[in-house]
Every structure is written in C-alpha cells, then in structure tokens.
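The structure under discussion appears below in the form of structure tokens.
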Amino acid sequence: MSPPVSHQSPPGTSAPIALSYELFPPRNETASASLWDTIRELEGTNPDYVSVTYGANGSNRDTAVDLLNRLMTESTLRPLAHLTCVGNSAAELAGTIAELLDHGVRGILALRGDLPTKPADAPDAGSLRYAQDLIELIRHVEQQRSALLCAGRVAIGVAAYPAKHPESPSIEHDLEVLLAKQRSGADFAITQVFFHADQYRELVTRARRAGVTIPLIPGVMPLTSLRRVRRLGELTGVEPAPALLDALGRTTGAAEARRIGVAATVDLALAALDAGAPGIHLYTFNEHAAALDVLDRLALPRPARPGPLRRTALPELVQA
Ligand code: FAD
C-alpha cells in the first residue's frame, strides 16, 4: 500500500474536514448481511454521518426507512435520509418526512429523483416537480413539529453538479437552481460524481460569485472497475475521464484495478480539498475496502471521538 498523503486544513478555517459515506438499502438478506459488515467497518472511522439513498418515486421506501431506523438503534452512526419527490404528492411526502422526524432523523437530502424513462410512468400532475418544492415542504413539516424538535432545525442537503445536470440548459441555469434551493432553506450541498478536479473548483468559484454560501461537499467514488465507471457514466450522464477508462481497461486483475481506482479517487479528493472543500462524501457502493483505502491515503485531520462505554466496564464502575 502507498504511504498516506498528508493534507493541510483549508486556509481560513480550523474546522476539521467532514467525513461522510453513502449507503443504499439492501435488496435481500445476503446484501443486508454484507452491508452490516461494511457498516461496522465504517463505524470505526467515526464519520459525521452516513447517507441512505431513496428510490425515485419512493420505490424502496420501506427498506430505506428500515435501514435508517436500524442505523439509529443498532449503530453509532448518524443517518442523513435521502428523499426524492418525483412522482409523489405533497401529502404522501409530508407523511414520510413526519415519519422520519418522529423516528429521530435530523438530516434530509432533498432531491427530485430521476424522471421515469417510459412516458406511461410520467409523474402525476399533482406530484412535486423540483427539489426546491421538497425543501419547502420539509421546512413546513419542521415548523409544525417545532416543539418536538425543541425549536431546532432539520439539516437539509441538496444535490449540486460540477459537470452540468444532464437536463439543464446551461451551467448558469444550474447555479440559479442551486441558489434557489439555498433560498428555500438548503443548508449544504453534496456534489454529483465528477472526474476532473477543475470541475469542482469551478463549481465553487461560480457558486460563490453567484451568492451561494452553503458548504459544497464533493462526492467522490472509488472507481475500481471499468464496468462500474461505464455504468456510473450512464446513470449520471457524467462523462468518465478517458484516461481512467483507459487505465482500468488495461488492468490484468482486480487488485491492480483497485489500486488505480483508489489512486484516482485520492487525487480527486485532494484536489477538491485544496480548492477549499469542507468535507469528503464517499460513495461506497455498500463496500468498505476501497473506501477505507481512500481514507487511509487521505489521512484527513479528524477529531477523535470518545468511544461508547464498553459493556464489560459497567460492573467495575458499579463496584467502584
Ligand atoms: P432539481 O434540483 O429539482 O433539478 C432537476 C432539474 O430541474 C435540473 O435540470 C434543474 O436545472 C431543473 N430545475 C430545478 N428547479 C427548477 C426550477 N425552479 N425551474 C426550472 N428548472 C428547474 N436520485 C435518487 O433517485 N435517489 C437518491 O437517493 C439520489 N441521491 C443523490 C445524491 C446526490 C448527492 C446526487 C448529486 C444525486 C442523487 N440522486 C438521487 C440523483 C438525482 O435525483 C438526479 O440527479 C435528478 O435528476 C435531479 O435531482 P435534483 O435534486 O438535483 O433535482
């Protein structure tokens, strides 16, 4: 393994670099067992939160809510619930938001979700149209539950796009949308994957110039197989870097592909940190090995947290 890359805190801030991971709800029991192995490994790195994805149209609502509940009751991790609004009415979504808050979730990533590809599945006229509508709905439900929240706020995150959103007419339009999401109550943004460090740097520069002040956290994914990079490009509409495709295409085995993918991700994350990124969000694909390799190499300056009391220590305390 290569030696860790040392990294300085961004100038002008003494805050530690935030660390978070994305997980997705498992599709079956085997996937669930493997996800929980990953959760236990990631827990050891003391992330600030882990985000849990949500199917467009609420297709996996129950498994997502179940994973969020289990994270809160069976792990030390703080969850950030993704929520998509496309295809759902305000009443349905208000019910889900209320349920999440009542279960103890205090952070929501407000998203539109991808539009259905088949015309027959087009969203009903009454469904929410944009992520901005969902932010406003979350703030409304939050206000109704103000006493339950001790008048505190729910942290609302949104998506941002270093390479233009595929449906957007221009980068400028993307910025207007991001600014509108901030005005409606977004507290922070996590970026879509990107393959060129300049894209993140330019997003930050343009956003700050346009009046966006919220943290823009780069989302980076260890791209350790050619198949995954291609699939990701198809799903997100983000053009993969030809050099990475080429390097992964020439590998002779999984270990070499992992080394190349991890190195590329570390380079991207370091460049984003040098551009002032306040944190790193790692898309894990529910796998910990490559994510932990990236983390080792980044050697982020992170605060140590006090660990939970070990069960075996309790009788000793009682006797003392
Ligand atoms: P919006 O911000 O609503 O934007 C959607 C499109 O509409 C854009 O082209 C925008 O320019 C345009 N637009 C927005 N507001 C307006 C307006 N007022 N007037 C005119 N045009 C407007 N998808 C999932 O299904 N589940 C997930 O869990 C999930 N997690 C994600 C996590 C991250 C960090 C990111 C970056 C993306 C995630 N996605 C997820 C994908 C996301 O749902 C898609 O990228 C989707 O196409 C757009 O979502 P959005 O929240 O950016 O939508």
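Of all residues in the range 167-188, those satisfying the criterion of being touching a Phe, Trp or Tyr at 6+ places or on another chain (Cβ under 9 Å), of a type outside the set (Lys, Arg) and touching a residue at least 12 places away in the same chain (Cβ under 8 Å) are Ile171, Asp174, Val177, Leu178, Ala180.
For first residues located in the range 141-166 and part of a helix (DSSP H, G or I), partners that are away from the ligand (no atom under 14 Å from the Cβ) and lie 6+ apart or on another chain with Cβ distances below 6 Å form the pairs Val141/Ala94; Val141/Ile97; Val141/Ala98; Glu142/Val154. If the condition is being outside any helix (DSSP H, G or I), without any contact (Cβ under 8 Å) to a residue 12 or more places away in the chain and not small (Gly, Ala, Ser), then the range 91-122 contributes Thr117, Lys118. Take the conditions (1) surrounded by fewer than 22 Cβ atoms within 10 Å (Cβ to Cβ); (2) over 17 Å from Gln199 (Cα atoms); Ala271 misses just one of them, which is (2). Here Thr63 fits the description: over 15 Å from Thr284 (Cα atoms), assigned to a helix (DSSP H, G or I) and within 13 Å of the ligand (Cβ to nearest atom). Do we find a residue being at pLDDT 95 or above and either surrounded by fewer than 22 Cβ atoms within 10 Å (Cβ to Cβ) or within 16 Å of the ligand (Cβ to nearest atom) (or both) anywhere in the range 295-311? Yes.
The values are calculated or read from the model by the stated rules, or taken from the named source; none is laboratory data. Keep in mind that what you see is a predicted model, and the values were worked out from it rather than measured. Every residue, glycine among them, receives a Cβ derived from its backbone with ideal geometry; neighbour counts consider all protein chains shown.
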